[in-house]
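What follows draws every value from the coordinates through simple rules; no lab data is involved. Keep in mind that what you see is a predicted model, and the values were worked out from it rather than measured. All Cβ positions, glycine included, derive from the backbone under ideal geometry; neighbour counts span all protein chains shown.
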Amino acid sequence: MASVLVKLLLLLTILASSVLVIAYAGNLHQDFDITWGDGRAMILNNGELLTLSLDKASGSGFQSKNQFLFGKIDTQIKLVPGNSAGTVTAYYLSSKGSTWDEIDYEFLGNLSGDPYTIHTNIYTQGKGNREQQFHLWFDPTANFHTYSILWNPQAIIFSVDGTPIREFKNSESIGVPIPKKQPMRLYSSLWNADDWATRGGLLKTDWARTPFTASYRNFNARACLWSSGESTCTANSQSSTSNNNAWLKEDLDFTRQERLKWVQKNYMIYNYCTDTKRFPQGFPPECAATKA
């Protein structure tokens, strides 16, 4: 028993002292900067809660203090309740510049009682057009739920409460680029998009219901940080199998693949890889490669 305890303590010491991959969750003052909204975004409860609000004059937004080059990022979000038609809550990783990379959730509001639409997209080198959309199997406005992005050299995986809803595999072997060179920050914003967001713009924002508010808590990032032109992860760390950076090699096991299929069969409402009107000359090559 003593030998087991010694080994356990040694393992915990190694994990705690590792600087290759940073994991943190706690005070949102330390994690984020509020970037716009003129007081409509607030960090409350000693850093445990962050809220974004939208009224007719303005929305609001925040960004992470750190930049990441690969990571497994979780945030609990409670979306705008009630009649949220016309509103968009965006939650995404993005780099800067004209050839930016981006991994994108957008939550499109709807009339009370109708489901939100989760709009996902992936941009590489400034090019997107990889939309998949979903409904959810629960009310995302009643409670907090965890929305995750796993971004490693093998794949990008979107998950909700641990259930994968989308996987974008590395298909560089057939000429499809994947984000892997540009560091990205995490952003979120709440804004008005009633010209397109709900039923193609047919349903407008009900400004009598303002302010609209989305709430955030329990941010957690196991990630390679980017600072002064360098990553805290090295080639050696990416080949390591230690628990603190196992996400760098993580993919979907059989059980999670089955959950992904269940979501896509029952809750996917749009897939660019099946849109023949949009791609009359044939689907993008990753569609066949990844069975998107």
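General observations
- Toward the positive end of the charge dipole of segment 18-290, with +1 on the Cβ of Lys and Arg and -1 on the Cβ of Asp and Glu, the farthest Cα among Asn129, Tyr91, Phe158 is that of Asn129.
- Here the 3J(HN,Hα) profile of segment 149-155, calculated from phi with Karplus coefficients 6.51, -1.76 and 1.60 at θ = phi - 60°, is 10, 9, 10, 9, x, 8, 6 Hz, Gly and Pro shown as x.
- FRET efficiency for Thr210 and Asn266, using Cβ-Cβ distance with R0 set to 30 Å, rounded to 0.05: 0.30
- Counting lysine pairs in segment 137-273 that sit 8 or more residues apart in sequence, or on different chains, and whose Cα atoms lie under 20 Å apart gives 7.
- Computed [θ] at 222 nm, helices only, for the chain once each DSSP H run of length n ≥ 4 contributes -39500 (n - 2.57): -4000 deg cm²/dmol
- Charge dipole magnitude, Cβ of K and R +1, D and E -1 - segment 75-155, Cα centre, debye nearest 20: 140
- Cα shape, segment 18-290, gyration tensor, a/c 1.5 rule: oblate
- Within a Gaussian network of the chain (alpha carbon springs, distance under 10 Å), most fluctuating of Phe144, Phe219, Phe279: Phe279
- With the highest mean first, a sort of the peptides 104-117, 77-90, 127-140, 169-182 on other beta-carbon atoms found within 10 angstrom per residue produces 77-90, 104-117, 127-140, 169-182.
- Rounded to the nearest 20 debye, the dipole size of segment 91-224 about its Cα centre is 420 debye, using +1 on the Cβ of Lys and Arg and -1 on the Cβ of Asp and Glu.
- Candidates Trp207, Ser231, Trp196 compared by Cα position along the dipole of the chain: farthest toward the positive end lies Ser231, with charges placed on Cβ.
- The charge dipole of the chain, taken about its Cα centre with unit charges on the Cβ atoms of Lys, Arg (+1), Asp and Glu (-1) only, comes to about 360 debye.
- Taking 16 Å as the cut-off, the amide N atoms of segment 174-202 that come nearer than this to a point 7 Å along the Cα-to-beta-carbon line of Ala288 belong to 174-176.
- Note on Asn129 and Ser58: their simple-model spin labels are 3.6 nm apart, each label 7 Å out from Cα toward Cβ.
- Dipole orientation for the chain: of the candidates Leu260, Thr146, Leu49, Leu260 has the Cα lying most toward the positive pole (charges on Cβ; Lys, Arg +1; Asp, Glu -1).
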